[in-house]
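The values are calculated or read from the model by the stated rules, or taken from the named source; none is laboratory data. Please read these numbers as outputs of a predicted model, since none were measured by experiment. Note: ideal-geometry Cβ built from the backbone for every residue, glycine included; neighbour counts use all protein chains shown. Accessible surface areas use protein heavy atoms only, side chains included; no ligands, DNA or RNA. Shrake-Rupley method; radii C 1.70, N 1.55, O 1.52, S 1.80 Å.
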There are 2 protein chains.
Amino acid sequence: MEKHIGEQTVRFQNPPSITATATIVGQKEGEGPLAKHYDIISNDALFGTDSCEKAESEMSRQAITLAAQKANLQLEDIQYILAGDLLNQETGSTFAVRDLGRPFFGLFSACSAIGEAMSLGAMIIDGGFANHIIACASSHFCGAEKTFRFPLELGTQRPPTASWTVTGCGAVTICAGGVGPYITAATTGAIVDMGIRDANNMGAAMAPAAAHVLVKHFQDMNIQPSHYDVIATGDLGKIGSELLLQLMNEAGYDLTNHKDCGCMIYDTQKQDVHAGGSGCGCAAVTFGGYFYKQLKTGKLKRMLLVPTGALHSVATIQQGESIPSIAHAVAIEGSLN
Amino acid sequence: MEKHIGEQTVRFQNPPSITATATIVGQKEGEGPLAKHYDIISNDALFGTDSCEKAESEMSRQAITLAAQKANLQLEDIQYILAGDLLNQETGSTFAVRDLGRPFFGLFSACSAIGEAMSLGAMIIDGGFANHIIACASSHFCGAEKTFRFPLELGTQRPPTASWTVTGCGAVTICAGGVGPYITAATTGAIVDMGIRDANNMGAAMAPAAAHVLVKHFQDMNIQPSHYDVIATGDLGKIGSELLLQLMNEAGYDLTNHKDCGCMIYDTQKQDVHAGGSGCGCAAVTFGGYFYKQLKTGKLKRMLLVPTGALHSVATIQQGESIPSIAHAVAIEGSLN
C-alpha cells in the first residue's frame, strides 16, 4: 500500500493508536459547556507560579505527565515529545519539558499545533521509529494577549470579531498497536494567505487554509465529507466557520457535519467571548476532552480533526503584512475495518 | 533491523540521501573563511526588502527554491518543507514558504533547527511518507539582535562572551534513494539546563546539551568519537567549545575530531565576532556549504553534525529563568558499506 497518496496526504499502514489524552484548562473553560470532559480545571490562572508564561509551562508539564500516566506508561517510556504553543520562542513548551529528560521536537504552527504534532507523531510511530510518543499543544489567555495584543492591565476593548484564547493544554499519547481510536491518515497543510490584515479577525484569515486542506484531503482520499461523522476545525469561531462553509460550498462540498472547537468550548451567549475560542489549546482540549471520549465510546466512528493556525507575529502586523494561515487535517477512527 | 536503538537514537533502514544543498549568506559571512563554499553572497542585508524580518524570509525562499533546483526537482516535487528560525512566531520560515504552496511543518529548536529538520525529514523519507523533502534553517543578524537583545540603532556594546548571529540560510534536499551522502542515524536531544542565566553567553548554556546528546549517541550506537572523521557542533563558539571538550573529557570521551561551525564561519581574529558565530543559519550554511562538499568529494567519509540551540526568550530572561538548551545529532556518511 502506498503511504503517500495524492498531493498532501499520508495514509498510515499500521495506524497508530491514541491510547490516552490529558486535558487541563483554566477557570473560564471550566465554566463552559465541555467542563465535565476535562481532567483538571484550575481555578488558579497562574498554576502556582508567578507569571502567565510559567503558568502555561506548568500546565503543559502536568498534562504531559498525566497523558503518560493515563496510558499506563512511565515518562521514560515516551520516546519523543512533540509540542507547540504561541509564546515567543515556544517557551510554553520548552520550559514544560525542560525537566522531563525526554527527546523533544519543538513545533510551531500557531493554533494548528496539535494537528502538526499528531501528524508527525503518527509518522514517527508508523515509520517504526518509536512505540510511544506524546503530542501536545497549549495556550494561555494572558500569555497570548501579552504576546500578540496588549497586556491585560491596559483593559483594552476587544472588537466583536476577536476570539478568546483558550487557557488549556491537551496532550495525546500515541502508540504503536493498541485498541484505538486510530490515526488513519493525515493531510498536511500548505500556507494560504488571502490578504486578511486584521489580527482581531483570525477566523477570516484561517478559513481559507481550512478549506484548502479539506479539499486536498477529500481529493487525495477520494472521499466526500460524509465519510466522517464529524469534521471539527480548530478555532475558526463563528465568523470563520461561516466563511468556511461558504468556501466549501463554492468548492462543491456540503459540510453538514462541521463543528468548530472554537464554537464549542465556550457558551458564546453567556461567556462574552465574541467570535469564539482560539489558541493552540482550543482544538487540543476539545479533541482530547470531548471528541476522544466520543470516539472511545463509539458515539463517533470517524472524525476529521482540522486544527487551524494564524501565522502572524506582532512584527509582521506592524509591518503591514497580511496573515498567512495553515491547517492540518488528521483522520481518526474508532476501529479499523 | 530495529530502527530505534538505545535511548534516543534512530538508525535509518534505507538511509535517505542528501541530493543537494543551497546556501545563501550576508556580506560578513561572505568575507569569512568559508566564502567560496556558499551559493549566494548578498551584499544587500535587506535582500531587496524593507525590513530585516522580510529579508530573512526572502533569503529562505530563495534558498529553498535553489535547493529544489540543484536537486533537479520542481518545487511541486517537494512533498514537505520543514523549517525553523529564531524570529517570534517563526515568521522567518512561514513567510518564506507562504507563496510556495507546499505542505509545511514549522519547527522550533532555536539554533539547532537544521538538526531537527534533517532528523524529522529523514524519518519522513525512511518511513515511506515522502520521496523528497527540504529541511531548512535561517537566521539574520539584525532580526536576531532586535528579537533577543537591542535594536542595532542603539549601538549597544557586546560583551566578549557574546556571539554574532549569522545572516544565512541553509536548505537541504533529502530524497529516498540517491547516491549520497546519506543520513544514517539521528539522536534527538532532550533539554538540558545547567543554570546559565546570561543570554550573552549562549556557548556556556548550550555546551552541556551538546555533551549530553553526544554521550547518548555514542552509547546508543556503541561507538567511539573516532568513528567519525569530524564531529561538528553548531554554534558553541570558542567558550562553549572549550566547555564541551572538558565535559566530554569528564564523561570519558576524547573529542580530538571536534569542530564548531561557530568557530569556522568567521575569521575570529579579524572579524570582531567575539565568541564566534551563532544562529540557525550557522550550522545550516556551514554544513550545506563546506561539509556537504567535503562529503561529496570523499574528503570526509563520516561526520556527525550536532546543531545546538538555546531555548530562551526575552520574557524568560526578564523573569530570571535560566537558559534551557538542546542539541540534535545527525550522522551523515558519504557512502553505505
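See the values below:
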| read-out | value |
| --- | --- |
| Selection status of residue A:319, surrounded by fewer than 24 Cβ atoms within 10 Å (Cβ to Cβ) and more than 25 Å from residue A:11 (Cβ to Cβ) | yes |
| Failed item, numbered, when residue A:87 is tested on (1) within 13 Å of chain B (Cβ to nearest Cβ); (2) aliphatic (A, V, I, L, M); (3) touching a Lys or Arg at 6+ places or on another chain (Cβ under 8 Å) | (3) |
| From the options B:254, B:260, B:272, residue that is acidic (Asp, Glu), away from chain A (no Cβ under 14 Å) and within 19 Å of the chain's Cα centre (by Cα) | B:260 |
| All positions within the range A:126-135 that are open to solvent by 10 Å² or more (accessible area, probe 1.4 Å) and either part of a strand (DSSP E or B) or in contact with a Pro (Cβ under 8 Å, 6 or more places away or on another chain) (or both) | A:126, A:132 |
| Which numbered condition residue A:247 fails, given (1) open to solvent by 30 Å² or more (accessible area, probe 1.4 Å); (2) closer than 24 Å to residue A:284 by Cβ | (2) |
| Residue within the range B:266-277 that is modelled with pLDDT under 95 and over 30 Å from residue B:90 (Cβ atoms) present | yes |
| Given (1) assigned to a loop (DSSP other than H, G, I, E, B); (2) more than 7 Å from chain B (Cβ to nearest Cβ), number of the condition residue A:93 does not satisfy | (1) |
| Flag if residue A:108 is within 7 Å of chain B (Cβ to nearest Cβ), farther than 18 Å from residue B:88 by Cα, without any contact (Cβ under 8 Å) to a residue 60 or more places away in the chain and touching a helix residue (DSSP H, G or I) at 6+ places or on another chain (Cβ under 6 Å) | no |
| Counted residues, the range A:210-229 - those being outside any helix (DSSP H, G or I) and open to solvent by less than 10 Å² (accessible area, probe 1.4 Å) | 1 |
| Selected residue (criterion: nearest to the other protein chains (Cβ to nearest Cβ)) from residues of the range A:96-105 that are in contact with a Lys or Arg (Cβ under 9 Å, 6 or more places away or on another chain) and open to solvent by 10 Å² or more (accessible area, probe 1.4 Å) | A:98 |
| Where residue B:279 falls short, out of the listed (1) farther than 20 Å from residue A:103 by Cα; (2) within 14 Å of another protein chain (Cβ to nearest Cβ); (3) surrounded by fewer than 24 Cβ atoms within 10 Å (Cβ to Cβ) | (3) |
| Count of the range B:286-337 residues which are free of Cβ contacts under 8 Å to residues at least 60 places away in the same chain, within 14 Å of chain A (Cβ to nearest Cβ) and on the phi > 0 side of the Ramachandran plot | 0 |
| Residue list for the range A:59-84, restricted to those being in a helix (DSSP H, G or I), within 14 Å of chain B (Cβ to nearest Cβ) and surrounded by fewer than 21 Cβ atoms within 10 Å (Cβ to Cβ) | A:75, A:76, A:77 |
| Which numbered condition residue B:160 misses (of (1) within 17 Å of residue B:70 (Cα to Cα); (2) more than 14 Å from chain A (Cβ to nearest Cβ); (3) not small (Gly, Ala, Ser)) | (1) |
| Single match in B:205, B:171, B:185, B:209 (criterion: within 15 Å of the chain's Cα centre (by Cα), within 14 Å of chain A (Cβ to nearest Cβ) and in contact (Cβ under 8 Å) with a residue 60 or more places away in the chain) | B:209 |
| In the range B:12-45, the residues that are surrounded by fewer than 20 Cβ atoms within 10 Å (Cβ to Cβ) and within 30 Å of residue B:222 (Cβ to Cβ) | B:13, B:14 |
| Qualifying residue in the range B:270-282 (condition: in a loop (DSSP other than H, G, I, E, B), closer than 24 Å to residue B:66 by Cα and in contact with a helix residue (DSSP H, G or I) (Cβ under 7 Å, 6 or more places away or on another chain)) | yes |
| Filtered residues of the range A:38-58 (kept if of a type in the set (S, T, N, Q), outside any helix (DSSP H, G or I) and within 14 Å of chain B (Cβ to nearest Cβ)) | A:49, A:51 |
| Filtered residue count, the range A:118-142, keeping only those that are more than 8 Å from chain B (Cβ to nearest Cβ) and more than 17 Å from the chain's Cα centre (by Cα) | 3 |
| Inter-residue pairs, beta-carbon under 9 Å, first more than 20 Å from residue A:109 (Cβ to Cβ) and in the range A:223-242, second among the acidic types (Asp, Glu) and open to solvent by 60 Å² or more (accessible area, probe 1.4 Å), 6+ apart | A:224/A:254; A:225/A:254; A:226/A:254 |
| Selection status of residue A:123, crowded, with 24+ Cβ neighbours inside 10 Å, among the aliphatic types (A, V, I, L, M), under 17 Å from residue A:170 (Cβ atoms) and at pLDDT 95 or above | no |
| Output for the range B:304-327, where each listed residue is among the hydrophobic types (A, V, I, L, M, F, W, C) and either under 13 Å from residue A:96 (Cα atoms) or assigned to a loop (DSSP other than H, G, I, E, B) (or both) | B:311, B:323 |
| Residue within the range B:136-154 that is touching a strand residue (DSSP E or B) at 6+ places or on another chain (Cβ under 8 Å), among the aliphatic types (A, V, I, L, M), open to solvent by less than 30 Å² (accessible area, probe 1.4 Å) and closer than 27 Å to residue A:195 by Cβ present | no |
| Unmet requirement for residue B:93, which otherwise passes all of (1) touching a residue at least 60 places away in the same chain (Cβ under 8 Å); (2) surrounded by 24 or more Cβ atoms within 10 Å (Cβ to Cβ); (3) farther than 18 Å from residue B:289 by Cα; (4) not charged (D, E, K, R) | (1) |
